[in-house]
Amino acid sequence: MADHAETKTAETPSSTAKPTGTATVPAKPPVKASAEKAAEVTTPDRMRRRVIWTAIGGYLGVNFLMFLRFFFPRALYEPNTVFSIGYPADFGLGVDQRFLMTNRVWVIKEPDRLFVVFARCTHLGCTPEWKPSENKFKCPCHGSGYDSEAVNFEGPAPRPMDRAHVELDPTGKIVVDTSRLYVDDPNAGVNHFNDPGAFINV
């Protein structure tokens, strides 16, 4: 009986004894913490992958567009070199600028003749401006000056501006051809301003 009491007293403290020191951590919180940590790690990875794939897609898209652009030629559309400007009676004496923007020419009518000047400075190819108050053409690039017949008299321009081919069609309209130009170059001893086609009589 004494042995039984001793066993009972020995068992009682062990069963009622409170844990000392460390407490046991439940299993669920570590699992939850590790899931949150995994979510934090995977979110930047997804963003990084998305950015990388977007960059690759953009690069391939740009190259594909460049590849398609290769099949479309880079054509420069210029106005026709042959065009009609109307009848001689449509022009008054002096410089007419109606066709400067569309065909880069001035129509100059004198009492006995009409000719067309190609609006290109003979220095470096700029387009001069007609200044009615000064009765001259003035190049804005380097200051070349031309009189009312487009003959140079100041600045670095070496010769007068060229004149385009003009003729009358069967209906009496003036037809201009800027692919055929007449040149006056005193230094070379060449003057084609009086050649047939450089002017028409009015």
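Since every read-out is calculated from the coordinates, none of them should be taken as a lab result. All values reported here derive from a predicted model rather than from experimental measurement. Because the Cβ atoms are built from the backbone with ideal geometry, glycine has one as well, and the counts that use them run over all protein chains shown.
Here are the numbers:
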| read-out | value |
| --- | --- |
| Where only C-alpha atoms are counted, convex hull volume of the stretch 82-201 per residue in Å³ | 104 Å³ |
| Ranked 192, 123, criterion: other C-beta atoms within 10 Å, fewest first | 192, 123 |
| For residue 136, residues with placed amide H under 5 Å, excluding near neighbours | 131 |
